[in-house]
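The values are calculated or read from the model by the stated rules, or taken from the named source; none is laboratory data. Remember, predicted model here, so these are calculated numbers, not experimental data. Methodologically, a virtual Cβ is constructed for each residue, glycine included, from the backbone with ideal geometry; neighbour enumeration extends over all protein chains shown. When the accessible area is computed, the model is the full protein with side chains, heavy atoms only, and any ligands, DNA or RNA have been set aside. Shrake-Rupley method; radii C 1.70, N 1.55, O 1.52, S 1.80 Å.
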Amino acid sequence: MAGSTVTRVRRQLPTSPWLFAAPGLVIAGAFVLYPFVSTVVNAFTDRRTLVPGDFVGLANFRELLHDDMFWIGLRNSTLYVLGVVPALVILPLLLALLVQKNIPGVTFFRSAFYTPVVASIVVVGLIWVWLLDERGLVNSLLETVGAGRVGFLSDQWLLLLSAMTVTVWKGLGYYMIIYLAALANVPRELHEAAAVDGAGPVRRFLSVTVPAVRSTMVLVAALSSVAAFKVFSEVYLLAGPSGGPAGEDTTLVMLVQRTGTGLSGRVGYASAISVVVFVVTVALMLLVLRADRREDS
């Protein structure tokens with residue numbers, strides 16, 4: 001009797017892990033793998049929202065090369081990465097150093113810095129629109145001191161810079177938590193030894209802290225660069241569906257949304273843009289990881 005029970009258990013073991021993993025695999029296949037494969041396939045067709053479409057090869061990608069809006073979106077997405085990533089790599093580290101020490105009231109500041117992370121991006125966007133609008137709080141203060149109103153949401157470059165500011169402000173707390181976890185693993189003896197050698201706070205930061213958390217900085221750079229290149233909500237909320245003045249602040253993801261939605265949406269062309277976004281984001285991550293390996297070597 002005992003032998004038959006053991007045999008039954010052994011026969012059930014190979015399939016048991018798959019039963020536990022099945023719900024997750026089904027969800028991942030339905031909402032990640034299938035949409036990805038469908039997007040890649042649609043990129044080579046002329047499919048529209050209500051029309052299946054036919055295979056057109058590389059026609060959509062050739063059209064991208066002559067589409068001015070595509071190049072505007074690529075420019076803005078690239079500028080977004082260049083403007084946001086350095087700030088999100090350095091500023092959260094400085095914040096983490098400030099709130100790392102166990103002093104009275106530090107818990108309040110940790111919570112305050114993290115609050116924008118859990119806030120809805122729509123709410124955050126509306127708050128910043130209210131602040132930066134032509135008749136918003138910031139312009140009212142500037143007018144009070146005699147500086148005159150500034151078109152934060154009407155000037156092409158100021159609008160893009162304002163969206164970058166919102167992204168940095170909202171992401172500071174998230175990356176601060178990552179840095180706090182990394183700083184907790186830095187041996188205190190290293191700082192004490194550097195202090196004995198006469199190193200000041202800045203020197204200890206550059207010689208001890210930065211090398212100790214360099215791998216975390218690479219992780220933050222990779223995550224923030226991918227998120228910045230795929231930015232949508234911040235620019236959409238500040239600039240509106242049109243993408244700012246004459247669409248000059250349109251990003252690639254905004255172009256995908258604008259092109260591929262609606263009853264007459266060009267799903268095939270929007271899928272081609274999505275494939276380009278995917279390729280660029282993968283390339284960004286590979287570049288960051290390659291730079292990290294080169295530094296190690």
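Show VAL122, VAL129, VAL220 ordered by accessible area, largest first, where the area counts protein heavy atoms only and the probe is 1.4 Å.
Largest to smallest exposure gives the sequence VAL122, VAL129, VAL220.
Place a +1 charge on the Cβ of each Lys and Arg in segment 57-292 and a -1 charge on the Cβ of each Asp and Glu, then give the dipole magnitude about the Cα centre in debye, rounded to the nearest 20.
My answer is approximately 480 debye.
Taking all protein chains together and a probe of 1.4 Å, list ILE90, ILE273 from the most accessible to the least accessible.
Largest accessible area first, the list is ILE90, ILE273.
Quote to one decimal, in nm, the extra length available between SER207 and ARG75 on full extension: 0.36 nm per residue of separation minus the C-alpha distance between them.
Extra length available between SER207 and ARG75 comes to 43.9 nm.
Could you let me know the centre-to-centre spacing of segment 99-138 and segment 9-78, using Cα atoms, in angstrom?
Each part's Cα centre sits 35 Å from the other's.
Within the chain, which complete DSSP H helices have Cα atoms spanning at least 18 Å along the helix axis and a mean Kyte-Doolittle hydropathy of 1.6 or higher?
Helices meeting the criterion: 68-99.
May I ask you to derive the FRET efficiency for ARG293 and ASP197 from their Cβ-Cβ distance with R0 = 45 Å, giving the value to the nearest 0.05?
Efficiency computed from Cβ-Cβ geometry: 0.90.
Which distance in nm do the two modelled labels at VAL26 and ILE177 give, with both placed 7 Å along the Cα-to-Cβ direction?
Placing both labels 7 Å beyond Cα along the Cβ direction yields 3.0 nm.
Give the shape of the chain as rounded, prolate or oblate, defined through the alpha-carbon gyration tensor: a ≥ b ≥ c are the square roots of its eigenvalues, a/c under 1.5 means rounded, and otherwise the shape is prolate if a/b is larger than b/c and oblate if not.
Oblate, since a/c reaches 1.5 and b/c is not below a/b.
In the full protein assembly as shown, how much of ARG203 is accessible to a 1.4 Å probe, in Å² to the nearest 10?
Its heavy atoms expose roughly 150 Å² to the probe.
Tell me, in nm to one decimal, what length is gained between ARG135 and THR261 on full extension, where the rule is 0.36 nm per residue of separation less the Cα-Cα distance?
Length gained between ARG135 and THR261: 42.1 nm.
Which Cα, out of LEU160, GLY73, PHE232, lies furthest along the positive dipole direction of the chain (beta carbon charges, K/R +1, D/E -1)?
Highest projection toward the positive end goes to PHE232.
Long-range amide H contacts for THR45: which residues qualify at under 5 Å (H placed 1.01 Å from N, peptide plane, sequence gap of 5 or more or a different chain)?
Long-range HN contacts for THR45: VAL56.
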